[in-house]
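Data first, discussion second: the structure below is written as structure tokens.
None of the figures in this text is laboratory data; all of them are computed from the coordinates on show. This structure is a prediction, so every number in the text was calculated from the model and none was measured. Cβ placement follows ideal geometry from the backbone for every residue including glycine, while neighbour counts extend to all protein chains displayed.
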Amino acid sequence: MNLATHTATLAEMIAFAVLTAGVLGGGLVTITRRNPVSAVMSLVLTFAALAGVFATLSAHFLAILQVLVYAGAIMVLFVFVVMMMNRDEITPISRRGLGTRAAGVLAAGYVFYRVAWLVNRERGLPVLAATETPPVKDFGTVSSVGALLFSDFLFPFEAISLLLLVAVVGAVMLTRHLREDRVP
Amino acid sequence: MPTYAYILVSLALFFVGCAGVLLRRNVLIVLMSVELQLAAGTLALLAFSRALGDQKGHVFAFFVMALAAAEAAVGLAIVVSVFRTRRTASLDEVNALKG
């Protein structure tokens, strides 16, 4: 395994800082908005910035899929449902059981803080310090990821397409209008 | 940028999603927070995939994306059918299955 390391150039650092600021800022805005439409829009920003982060990891195929699937298809679904309900939240954070949930957030924050501390301490490890695209031909392109999908991962690929089919049929079944004479 | 920077961003994004799921009571925003958590997982997969020079991480990130699409479709369908009968999108008021 050849783990090439080099110091990040200034342009790389600026791109990384801007994109991760977009990802984390967009995520924070998403979970703090009272109006779900604003939340969906900032989630689109988050996913677009995340696609940029994927591109800096030389995951070109996944970056394009991120824009198409997340920022495109899934967000359109969310926008449709938000428009259908079309009501603001009266209380963004309800008080029922707030103490328990706040304790949960604090506990989760402590766990993530400890894991981040560990990652930061062990950042000298070769796998955590690697900075460059590995010397693999066509790393992360459509052709090489697609070749892997249709050879080693053919069965999981077909299974996940079956899962998607079942999910879509299930969604149609759940939301379809029952005829009046069949309502129990 | 080194891999650990991406892992720290992924941790922070997962925590943001966690806080959204725990604190918010609007079911739509809870679903969006779950999407944030799945995206954070994808980011960690891609970062380690690059560090190890192995594209299997990309394949698993692809599967996570398909899973997120299925989850959004079914979750939103359940939200719509609950909203149609109960006229609410608040998790506090949807407690018919509570023991």
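Once you've got the GNM for chain A with C-alpha springs shorter than 10 Å, pick whichever of A:Leu43, A:Leu174, A:Leu128 has the biggest mean-square fluctuation. Among A:Leu43, A:Leu174, A:Leu128, the largest mean-square fluctuation in the Gaussian network model of chain A belongs to A:Leu174. If R0 is taken as 30 Å, the Cβ-Cβ distance between A:Tyr113 and A:Val18 corresponds to a FRET efficiency of 0.75. A straight line joining the Cα centroids of segment B:40-99 and segment A:104-170 runs 15 Å. Here's the picture: charge each Lys and Arg Cβ at +1 and each Asp and Glu Cβ at -1 in chain A, and of A:Thr56, A:Gly104, A:Ala147 the one pushed furthest to the positive end of that dipole is A:Gly104. For chain A, the longest principal axis of the Cα atoms and the long axis of helix A:154-175 meet at an angle of about 20 degrees. Take chain B, connect every pair of alpha-carbon atoms lying under 10 Å apart with a spring to form a Gaussian network, then pick out the residue of B:Leu46, B:Leu76, B:Leu13 with the largest mean-square fluctuation. Answer for the Gaussian network model of chain B: B:Leu76. Overall shape of segment A:6-88 was characterised from the C-alpha gyration tensor. The equivalent ellipsoid obtained from it has semi-axes of 28, 15, 5 Å, in decreasing order. In chain A, the longest principal axis of the Cα atoms and the axis of helix A:75-85 are about 20 degrees apart. Think of each Lys and Arg Cβ as +1 and each Asp and Glu Cβ as -1; about the Cα centre, that makes the dipole of chain A roughly 780 debye. For segment B:29-81, the Cα gyration tensor yields ellipsoid semi-axes of 27, 11, 4 Å (square root of five times each eigenvalue, largest first, whole Å). The label-point distance for A:Thr141 and A:Arg34, in a model that sets each label 7 Å from Cα toward Cβ, rounds to 5.2 nm. Considering all C-alpha pairs of chain B, those separated by over 18 Å amount to 57%. Applying Stokes-Einstein at 37 °C and 0.692 mPa s to the Kirkwood radius of chain A, computed over alpha-carbon pairs, gives a translational diffusion coefficient of 158 µm² s⁻¹.
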